[in-house]
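One structure is given here, and the rest of the page talks about it.
The values are calculated or read from the model by the stated rules, or taken from the named source; none is laboratory data. A quick note: this is a predicted structure, and the numbers were derived from the prediction, not measured. Don't worry about glycine lacking a Cβ; one is built from the backbone with ideal geometry, like all the others, and counts go over all protein chains shown.
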Amino acid sequence: MKNVAGYDLSRLMAGSYGCLGVLTEISMKVLPRPRATLSLRREISLQEAMNEIAQWQLQPLPISGLCYFDNALWIRLEGGEGSVKAARELLGGEEVAGQFWQQLREQQLPFFSLPGTLWRISLPSDAPMIDLPGEQLIDWGGALHWLKSTADDNQIHRIARNAGGHATRLVPEMVALPRYRLLYSAITSSLNSSSTLAACLTPGRMYAEL
């Protein structure tokens, strides 16, 4: 980020749940729809999938989605017809309906109905595989882990932190404990008090003390 006239506070809004202010102006970049779209499914192990993804990231492939779910790697290709066709021949797998990605986005896949607490774990894209206690769905090519687990909250946070990421408990929500356990509570408190009217925007949403 280029800092010319001070820190751009609007960049802090993503994921803040409204705690840092109100969005009054939004700029959007509109891209044309891809000429060709294709979804593939390959039944491989998680380790094999992660190895494949690491190799694909080094190549100019028109991959717009990578998800590991139900013992299979789901791949979405988007781009020109020629590049999508060439990638399909290279990657292999069976062609499937594209509605999978909408169900994933809307959390309508069977995974999200499993018993247990739903966690959203963000990790560096190059983080090594971690052993999570429960059922998981891996999105963003390994950078986002959805977890259904009955494990202790402290254990989940510790695993995510040790892997260089952080965990957010989504369902059911925490009541007495903060949803985020990052090292930035002091910074967030200062921003919250200086950016909102009497810190009135969703108090206690991210941190119990705010």
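Okay, residues lined up against (1) touching a Lys or Arg at 6+ places or on another chain (Cβ under 9 Å); (2) at pLDDT below 90; (3) of a type in the set (Ser, Thr, Tyr); (4) exposed (fewer than 14 other Cβ atoms within 10 Å of the Cβ):
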{"position": "Leu132", "(1), (2), (3), (4)": "no, yes, no, no"}
{"position": "Ala151", "(1), (2), (3), (4)": "no, no, no, no"}
{"position": "Gly164", "(1), (2), (3), (4)": "no, no, no, yes"}
{"position": "Ile187", "(1), (2), (3), (4)": "no, yes, no, yes"}
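Counting only strands (runs of 3 or more DSSP E) wholly contained in region 30-117, the ones carrying 1 or more residues that are within 19 Å of Ala143 (Cβ to Cβ) occupy 63-69, 72-79. The number of residues in region 28-57 being closer than 17 Å to Trp101 by Cβ and loosely packed, with under 10 Cβ neighbours inside 10 Å comes to 2.
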